[in-house]
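Enquirer: Before I ask anything, here is the structure I am working with.
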Amino acid sequence: MANDVLKVGSLSAAPGEKRYGINEFSVQGQPYRLPMWLVNGSTPGPTLAVTAGVHAAEYASIAAALDLGQRLDPKTLRGRAIVVPVMNMPAFGARSIYVCPLDGKNPNRVFPGNAQGTASEQIADWMFKNVISQAGFYCDLHGGDLIEALVPFTIFFGSGNDKVDSAALEMAKVFGIHYLVRSTTPPGSTIFAAATAGIPAILTEAGGQGIWTKEDVDAHVDGLDRLLRHLGMTAGPPPAAKPFTLLEQFLWLRSQHEGFWYPAVPVNAAVKKGQDLGSVKDWEGRVLQTASSPADGRVLFIVTSLAINNNDPLLAVGA
Ligand SMILES: [Zn+2]
């Protein structure tokens, strides 16, 4: 018995074959070129999709996906892997935060996409139909963006489908990052779309502020190695359990003003409900808004930009 041919868009890899290539498809009538790895193992097993660069300045995650694509060996792989290191290619060259420069939309809010929609929606549609939907398991690698500091955490989506949700929780546990966040929002994220389609999925966060330390890259690399062993796709004993903290709420605070953001706590701070977490001020130093903690919990990420726009995220508390 052998794996089926792995086919993604115009690229394919026969069993035992590894293929790096660029898929080209049309986005808003213009060619969109998307590099990726197809790794088809010699023996049958699960299909894992790994993506990064949905937010294209989250470099630790992109470095880890590149590393995975480069080193996966079809001779020793059980099953099949699709690795897309930079989904949001226009943003990568532009070093743009949060959005795809083609339409100014956050790609992680438009999944599973729309073939007739804007650029981000068309890219999401292609990714969902060609990559994510043929995976048995899905891992989307993220981190803090250029203006975000964070403590590593792994999000999985509570879809209400017990089988999918418990498989996703298992994936999140074996990945080995300490904080696990069960999210029910926002719709339109990659893992929301996958979980809704019955595909267990996790979204991992490590690194930030445009820096990709070895430690943060390794958080993703080690996690992927542990996940591959957990799924039986690479040899070796199942990964040993690591201690974790499960957070059931992911509470975002947003600015209600344009102004200057002064955080009052560091990332990873343990905070109490009602605690002052920082303030948004105007040019004359007047406080426009105080960010107070919505719950007892842990500060998972903080925006580190002094410049803040109306409706920008300020920070998030996991509780
Ligand atoms: Zn991200």
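Enquirer: Restricting things to alpha carbons, find the Rg to Rh ratio for the range 119-261 using the Kirkwood radius for Rh.
Expert: Reported Rg/Rh (Cα atoms, Kirkwood Rh): 0.98.
Enquirer: Let me ask something else about it. Just reorder VAL5, VAL50 by solvent-accessible area, largest first, 1.4 Å probe, all chains present.
Expert: VAL5, VAL50
Enquirer: On to the next question. Using a 1.4 Å probe, how large is the accessible area of ASP103, given in Å² and rounded to the nearest 10?
Expert: Roll a 1.4 Å probe over it and ASP103 shows about 40 Å².
Enquirer: Which residue, ALA115, ALA65, ALA201, has the most motion in a Gaussian network model of the chain that connects Cα atoms within less than 10 Å?
Expert: ALA115
Enquirer: Given the options PRO294, PRO112, PRO74, which has the most mean-square fluctuation in a GNM of the chain, springs set between C-alpha atoms less than 10 angstrom apart?
Expert: Maximum among the listed residues: PRO294.
Enquirer: Using only alpha carbons, build the gyration tensor for the range 34-176 and give me the equivalent ellipsoid semi-axes, biggest first, whole Å.
Expert: Working from the Cα gyration tensor, I get semi-axes of 24, 18, 17 Å.
Enquirer: Still on this structure: Can you list the residues, at least 5 places off or on another chain, whose amide H is less than 5 Å from the amide H of VAL181, using H built in the peptide plane?
Expert: Here the answer is THR154, ILE155, PHE156, LEU247, since their amide H atoms fall under 5 Å of that of VAL181.
Enquirer: If contacts are Cα pairs under 8 angstrom and at least 6 residues apart, what is the relative contact order of the chain in percent?
Expert: In percent, rounded to a whole number, it is 15.
Enquirer: I would also like to ask the following. Work out the length of the dipole vector of the range 1-92 about its Cα centre, built from +1 on the beta-carbon of each Lys and Arg and -1 on the beta-carbon of each Asp and Glu, and round it to the nearest 20 debye. Don't skip to the answer; put the middle values down first.
Expert: Details: 8 positive and 6 negative charges, 41 e Å.
In debye, rounded to 20, the range 1-92 gives about 200.
Enquirer: Okay, moving on. Can you list, bin by bin at 10 Å, the percent of alpha carbon pairs in the range 218-319, starting at 0?
Expert: 15, 34, 22, 17, 10, 2, 0
Enquirer: Just want the answer: with Cβ charges of +1 for Lys and Arg and -1 for Asp and Glu, which residue in PHE153, VAL174, LEU231 is farthest toward the dipole's positive end in the chain?
Expert: LEU231
Enquirer: Once both axes come from the Cα atoms, what is the angle between helix 214-230 and the longest principal axis of the chain, in degrees from 0 to 90, rounded to 10?
Expert: On a 0 to 90 degree scale, this one is about 50.
Enquirer: Using alpha carbon centroids, what distance separates the range 67-84 and the range 120-166, in Å?
Expert: 19
Enquirer: Between 0 and 90 degrees, rounded to the nearest ten: what's the tilt of helix 119-130 against the longest Cα principal axis of the chain?
Expert: Roughly 40 degrees between the two axes.
Enquirer: Pick from ALA241, ALA193, ALA119: which residue has the top mean-square fluctuation in a GNM of the chain where Cα pairs under 10 Å get a spring?
Expert: ALA241
Enquirer: Which of GLY259, LEU246, ILE302 sits farthest toward the positive end of the charge dipole of the range 242-304, with +1 on the Cβ of Lys and Arg and -1 on the Cβ of Asp and Glu?
Expert: LEU246
Enquirer: Sort ARG80, ARG182 by heavy-atom solvent-accessible area, probe 1.4 angstrom, most to least.
Expert: Working: ARG80 30, ARG182 70 Å².
The most accessible residue leads, giving ARG182, ARG80.
Enquirer: What is the helix-to-structure angle for 59-71, meaning the angle in degrees between its Cα long axis and the longest Cα principal axis of the chain, kept from 0 to 90 and rounded to the nearest 10?
Expert: 10
Enquirer: Would you tell me the accessible area of LYS129, worked out with a 1.4 angstrom probe on the heavy atoms of the protein chains, in Å² to the nearest 10?
Expert: Spelled out: LYS129, probe radius 1.4 Å, area about 120 Å².
The values are calculated or read from the model by the stated rules, or taken from the named source; none is laboratory data. Because the structure is a prediction, the values reported are computed rather than measured. Here the Cβ is made from the backbone with ideal geometry for all residues, glycine too, and neighbour counts use every protein chain on show. We work out accessible area using only protein heavy atoms, side chains counted, and drop any ligands, DNA or RNA first. Shrake-Rupley method; radii C 1.70, N 1.55, O 1.52, S 1.80 Å.
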